[in-house]
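Inspection log for the structure reproduced underneath, given as structure tokens.
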Amino acid sequence: MLKYYSATDVGLVRKHNEDSLLVTDKQLFLVADGMGGHAAGDIASRIFVTTVDAALQDGENIDTQDSLRNVFIRGNQAIYISRLVHPERRGMGTTATMLSIREKTAVWAHVGDSRLYRLRNGELKQITRDHSLVADLVENGSITEAEARKHPHKNMLMRAVGVEEFVQVDTGEFAIKDNDIFLLCSDGLTNMTSEEEIKQLLAADDGNKAAKLVQAALDGGGLDNVTAIVVEYHE
Ligand code: CA
């Protein structure tokens, strides 16, 4: 049995919420964090979510790594074409992190710096890898995790959906265990909270965990739009 919660908030500083999310009864979950200014960011993330939603409405099964990658490529094309048609949307693009639950298998696809986490036996694990400059710098040993959190170019993405004609998509899958908890979130959550705080709120046994995570990001400063989807699996 799946239990899920979602929440999103514009935050305390920004005027637009450029994050979009999708929660469906087809056990597919998606967070997209748009960018591009002049309200184009929310258009990009919404085009991506709409592409996925339309495919589901058409009866498409989006529950294998290939089918997830395929819908990412179509979302990429839709945003890219919109950029060509509307020059004022030139800078737009979006991150996208998607999770599909197929029986006892979790299948995911990802581009950008939104994240998928899994809480299992009290251990919080980041499943996706950020496609950001600072993640690359941490990986090659140039800076520490702590330095990454304060880096002036923390927001610079190395990969995003809709920016180029083709997009390289990370995908993966793993077997689900009883009581696994999954979190999909935008960087407005991870930049405003600590992983320890996220872990405690996910493990706590009450209420809408997504709303509590979003509230924690607002309490932490709310400098960005913040979005969280929490999915719990219980046998
Ligand atoms: Ca963001």
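Every number here is computed from the coordinates shown, using simple stated rules; none is lab data. Because the structure is a prediction, the values reported are computed rather than measured. Cβ coordinates were reconstructed from backbone atoms using ideal geometry, including for glycine residues, and neighbour counts include every protein chain displayed.
Find how many whole Å separate the alpha carbon centroid of segment 31-48 from the alpha carbon centroid of segment 157-199.
17 Å
So if I average 1/r over every pair of distinct C-alpha atoms in the chain and take the inverse, what Kirkwood radius in Å does that give?
The answer is 17.7 Å.
Give the residue list of GluC sites (Glu not before Pro) in segment 95-139 that are DSSP loop and have at most 14 other beta-carbon atoms within 10 angstrom. If you can, show how the numbers build up before the last one.
Values: sites: Glu103, Glu123, Glu139; in loops: Glu103.
Loop-located and lightly packed - Glu103.
For Lys199, give me every one of the lysines with a C-alpha distance below 21 angstrom, ignoring sequence neighbours fewer than eight places off in its own chain.
Within the straight-line limit of under 21 Å, Lys199 reaches these lysines: Lys3, Lys125, Lys177, Lys209, Lys212.
Can you run phi through the Karplus equation (6.51, -1.76, 1.60; θ = phi - 60°) for segment 122-133 and list ³J(HN,Hα) in whole Hz, with x for Gly and Pro?
Each residue's phi maps through the Karplus curve to give x, 10, 8, 10, 7, 7, 8, 10, 5, 9, 10, 4 Hz.
Sequence gap at least 6, Cα distance under 8 Å: using those rules, report the relative contact order of the chain to the nearest whole percent. It would help to have the intermediate numbers written out before the result.
Numbers: 538 pairs, mean separation 66.7, N = 235.
Averaging sequence separation for qualifying contacts and normalising by length gives 28 percent for the chain.
Taking the Cα centre of segment 71-136 as origin, work out the dipole magnitude from +1 charges on Lys and Arg Cβ and -1 charges on Asp and Glu Cβ, in debye rounded to 20. Mind dumping the intermediate values first?
Working: 11 positive and 6 negative charges, 42 e Å.
Here segment 71-136 has a charge dipole of around 200 debye.
Taking the Cα centre of the chain as the origin, how large is its charge dipole in debye, to the nearest 20, when only Lys and Arg (+1) and Asp and Glu (-1) carry charge on their Cβ atoms?
Working: 25 positive and 36 negative charges, 73 e Å.
Dipole size: approximately 340 debye.
Using helices alone, I'd like the mean residue ellipticity at 222 nm for the chain: each DSSP H run of four-plus residues gives -39500 (n - 2.57), total over residue count, nearest 500. Present the calculation step by step, with values, prior to reporting the outcome.
Working: 7 runs with 76 residues, N = 235.
Here the helix-only value at 222 nm equals -10000 deg cm²/dmol.
Projecting each Cα onto the charge dipole of segment 2-233 (Lys/Arg +1, Asp/Glu -1 at the beta carbon, about the Cα centre), which of Gly221, Asn155, Ser100 comes out farthest on the positive side?
So the residue furthest toward the plus end is Asn155.
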